[in-house]
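Take a look at the structure set out below.
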Amino acid sequence: MEKIFYTIQGKRSDIIIGRAWELVGDLIPAGQTVIITDSNVSGYYFDEFPDCKVLTLSPGESSKSLSTVDQIVKELLKLEVDRSYFLLGIGGGVVSDITGFVASVYMRGVRFGLVSTSLLSQVDASIGGKNGVNSSGYKNVIGCFTQPEFVICDTTILKTLPYEDFKSGLAEIVKYALIRDSKLFSLLEERASSINEGNKSLMDEILSRSVKIKIDIVEEDVREKGERRLLNFGHTIGHAIEAANGLKHGLAIARGMVFSSLISLEEGYLDKDKYNRIIALLKSLGLLDGVPGISSSYLEIVRRDKKREKNIIHFVLLNDIGSAFIKEMPLQDLVTWMENKI
Ligand SMILES: NC(=O)c1ccc[n+]([C@@H]2O[C@H](COP(=O)([O-])OP(=O)(O)OC[C@H]3O[C@@H](n4cnc5c(N)ncnc54)[C@H](O)[C@@H]3O)[C@@H](O)[C@H]2O)c1
């Protein structure tokens, strides 16, 4: 078991990686904790939950809304939950985003922690303190930055995660390797088949490297004004593909990473052999299976990207495997580039 901690805005968060699921009971106040989960996760793990009140959401992105927040608030009020209580999210990225958001706003803030049950939430969603819900067709447009007290990332819990959701997390791991860690990239290349088989010690190692990269970047730039933008590698186009095709997040991001790597190649920043290695790795991890190419419907969605400022997109490009930089790109240049590829 490995414990990594970070401190942001004076608040410490502990990330516990490894066989740690059983520890959660020791980290929460007895009799004053409410669990928020979804019905898939509670279906598998309810018997292992600590003895607390449980609020169960419908699984999936549609639960990430203000109406769910309102429902949870009503339940918390019914349970007479006051500011001394603790909220424990047990689930994937949807549960962690909602739990963090409710904990930030309920009675102006209560303590919270997370047991991350999907690979995507272990490597990404539950780390860094961004919480939020979707509204009016925009993802995560209402939200805040609040750090959980702890995040438990126990890879044994991934055994029940559907393969497509596992691949979603893998895509984010490839992203970390591409933007910051060439050794992680080589490890992924060498051990792709063991990863697909879910080798536990290998997963713990990969998880630990990925979490450290995310923490490093987030500590440098809490509010996403500079370095944190690197984490958006593959996401500008990836989000458009996700929104247009309803494709799983990771597969859409994998396709977005292909396009961002291609722009890096065509603009002369990235060598051809490195571009080929990126495509080969994404393929060997099954991340390009059945993923569509670019279509004109993405253009409008890219135009609406909430991360753009006026008509400038902070587009993330690669100049090497393990090294990324931000290029301020007029939105129109990106749109023209995409139009030329359709
Ligand atoms: N806040 C952030 O920084 C951040 C970063 C990345 C993604 N996100 C958000 O995370 C969400 C995606 O996360 P996700 O992929 O975990 O989605 P999710 O929470 O919907 O989980 C995916 C599916 O797997 C199921 N599941 C989760 N753990 C399981 C387990 N151990 N066994 C069986 N089934 C399990 C869930 O019920 C769900 O059906 C999106 O809403 C995205 O916006 C947030």
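Yes or no: Pro162 free of Cβ contacts under 8 Å to residues at least 60 places away in the same chain and either aliphatic (A, V, I, L, M) or within 16 Å of the ligand (Cβ to nearest atom) (or both)? Criteria met by Pro162. Can you tell me which residues in the stretch 258-285 are surrounded by 18 or more Cβ atoms within 10 Å (Cβ to Cβ) and within 16 Å of Ala192 (Cβ to Cβ)? Within the stretch 258-285, Ile278, Leu281, Leu282, Leu285 meet the criteria.
Looking at the stretch 19-42, is at least one residue of a type in the set (Lys, Arg) and at pLDDT 95 or above? No: the stretch 19-42 contains no residue that is of a type in the set (Lys, Arg) and at pLDDT 95 or above. Residue count for the stretch 173-189 satisfying the condition of being buried (at least 24 other Cβ atoms within 10 Å of the Cβ) and either hydroxyl-bearing (Ser, Thr, Tyr) or within 11 Å of the ligand (Cβ to nearest atom) (or both): 2. Within the stretch 27-58, restricting attention to residues that are in contact (Cβ under 8 Å) with a residue 40 or more places away in the chain, under 25 Å from Tyr138 (Cα atoms) and β-branched (Val, Ile, Thr), the residue that is nearest to the ligand (Cβ to nearest atom) is Thr37. Against the conditions (1) modelled with pLDDT of 90 or more; (2) within 16 Å of the ligand (Cβ to nearest atom), Leu202 satisfies every one except (2).
Determine if the stretch 17-26 includes at least one residue that is under 20 Å from Gly100 (Cα atoms), within 16 Å of the ligand (Cβ to nearest atom) and part of a strand (DSSP E or B). Taking every residue of the stretch 17-26 in turn, at least one turns out to be under 20 Å from Gly100 (Cα atoms), within 16 Å of the ligand (Cβ to nearest atom) and part of a strand (DSSP E or B). For the stretch 184-216, a residue qualifies if it is more than 13 Å from Leu281 (Cα to Cα) and touching a residue at least 40 places away in the same chain (Cβ under 8 Å), and the qualifying residues are Gly198, Lys200, Met203, Asp204, Leu207, Ser208, Ser210, Val211, Lys212, Lys214, Ile215. At least 2 residues being modelled with pLDDT under 90 and within 16 Å of the ligand (Cβ to nearest atom) is the threshold, and among the helices (runs of 4 or more DSSP H) wholly inside the stretch 221-285 those reaching it are 235-245, 249-266.
The values are calculated or read from the model by the stated rules, or taken from the named source; none is laboratory data. These numbers come from a predicted model, not from an experiment. Cβ sites come from the backbone with ideal geometry, for glycine too, and all protein chains shown count toward neighbours.
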